[in-house]
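FYI, it's all coordinate maths here, none of it is from the lab. Owing to the predicted nature of the structure, the values given are computational and were not obtained by experimental measurement. Cβ coordinates were reconstructed from backbone atoms using ideal geometry, including for glycine residues, and neighbour counts include every protein chain displayed.
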Amino acid sequence: MFKKYFLLLCLFSLAYSSYGQLITEQQDLKEITDEVNLSSPYHTTLTFFYNLEEANFHPDKAAETLNLKGVTSQNGDNLSVKLKQIFEGKGVIIRTSEIPNEQDYRDTTSGYDQIYYFDKSKLPGIFLEKVGSQWKFSAFTVGQINNLHKETYPFGTAKLLDLLPKIGNDEYLGFHLWQLVGLLVLIFVVFLSHLLFTFLVDRGLLYILKRFGYGYIGEHYLLPVARITSFYLIVLLLALFLPVLQLPTGIWAWIIVIINTLKPFLITVIFYKIVDVIAAYFSKLAERTESTLDDQLVPLIRKSLKAFVVIIGTLFVLKEGLNLDIIPFLTGLSIGGVAIALAAQDTIKNFFGSIMIFLDRPFQVGDWITSGDLDGTVEEVGFRSTRVRTFRNSVMYIPNGKVADATIDNHGLRQYRRFYSTITITYDTPPDLVEEFVKGLREIVLSHPNTRKDTFHVYFNNLSSYSLDIMFYIFFEVPTWAEELRCRHEVLIKIMKLANSLDVRFAFPTQTVHMETFPEKKSLSPEYDPDVKNYQAKLTQFMQQELRKKEN
């Protein structure tokens, strides 16, 4: 029950204060009609705007609120009208209840000077100051009126302020006839401009790009940018001509907020689309290079640029559209950035590690790398970590900070891939057949399209415990491990076909049991001739035979 009575009492007090304020303003207006009252910022403001209303148009009385130091009274009438148009064009709402009604008012934000600002953000150069015992618009403000008027109504649109009211002042739906006519004309001009710009872009620019072979780029990248640009031009037209219509301040103040918000927002969208155009250009350049790391770098650059555009665009929307002071926000970011940097040292280390990877290029996407326990193929290089597909088909994520400090063995950068094998054949293979078999192996190497021809080694190399060993040492000139496996397969198949065609048998570990003596059979143990000269003669005969073979 007490809460209900308290609420009713508050409502009654609010209503009474509002009613009292209304009675006070009516009494003050009654006094203004009799004489000019400049005793306080409140009375000066009331005098200025009341005498410039259509029903009570007395610019000479309004001019008395100006500090016309060095300005004639005739110019004062014109300046007072321009000053009111500046207030209306900037969308500054004057709430008389908030204006101080004190003769000795002092501004606490400017060193306690006897001045009063209406809106520092929109009109920093317009303020009242106490001159003697009277409050007037300062001489500085009066000196800025013409420049501010041109800034508010640029490109000669101020002339429309005199031409449009001549159409008629009859009111319809709370608007004057000239305002409605001007609004319809503006809508028509905006619609016509949009059609013209769309025609020039869709039919003109796109047609030219198709003729030069850039139709895909024009349709998927440049056309979206052009369409957003057309909307931005429409907003500029509205911002240029809407102030001329002198709409009610309450409505115009909201329209200004919308327009000022749309400007940076559309510019942000335009640059957001332009990032796609830049990324497409760099993608084309990346396709021309052999490295695949720059192909991975382009998406990262695109994402980073888009994030940067969104952040900067958001700041401008807050500053220009919502009229918020972003300096404290940026200051807070700088202070918080130090704390974040200390707390995220590993993240920053990984970020700079990724930069070093992109600059040094120790590997690229698709390379087979090894480093300690790391063994696999690089799939992706991000700003924080590198993703490697192991040969177990699992995925390893390694922080770029560790990758930048590690010793990387990049098998993918090999120009040649070595293949070493030992071909074993049986001991009963005749020496001449061994020679022919080795020659055939060399021909296989020379005839294969992916083998290195200037350096390879194929020799009868060893007599092992169960086989005659032929060293097969060659190099493949292939880019990937899969290609290397294919070439190995082809070469080994040809070796097997060569062995089959020459009746060469491959050896494998075996054991043979020899009987030292057996009835009616010669022993397997060699019988040595005690005469050494017989062996020397056989050796001389063998060497002579070999010499004749070389001469032939």
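Other residues lying with their Cβ under 14 Å from the Cβ of I408 contribute a combined charge of -3, Lys and Arg counting +1, Asp and Glu -1. Residues whose amide H comes within less than 5 Å of that of G382, counting only those at least five positions distant or on another chain, are R387 (H built at 1.01 Å from N in the peptide plane). Assuming a ≥ b ≥ c are the square roots of the Cα gyration tensor eigenvalues, decide whether region 149-193 counts as rounded (a/c under 1.5), prolate (otherwise, with a/b larger than b/c) or oblate. Here region 149-193 falls in the oblate category. Over region 369-424, the alpha carbon radius of gyration divided by the compact-protein estimate 2.2 N^0.38 Å works out to 1.37. Length gained on full extension, I327 to D373, computed as 0.36 nm times the residue gap minus the Cα-Cα distance: 11.6 nm. In this structure, the amide hydrogen of T451, modeled 1.01 Å from its nitrogen in the peptide plane, lies closer than 5 angstrom to those of E477, counting only residues at least 5 positions away or on a different chain.
Over region 108-177, the Kirkwood radius and the radius of gyration, each from Cα atoms, give a ratio Rg/Rh of 1.15.
Restriction of the trypsin sites (Lys or Arg not before Pro) in region 110-204 to DSSP coil positions whose beta-carbon has at most 12 other beta-carbons within 10 angstrom yields K120. Counting every pair of alpha carbons in region 364-509, the share spaced more than 23 Å apart comes to 50 percent. The label point for L233 and the one for H457, both projected 7 Å from the Cα toward the Cβ, are 7.5 nm apart.
The Cα atoms of region 24-152 give a gyration tensor whose axes a ≥ b ≥ c have a/c under 1.5, which makes the shape rounded.
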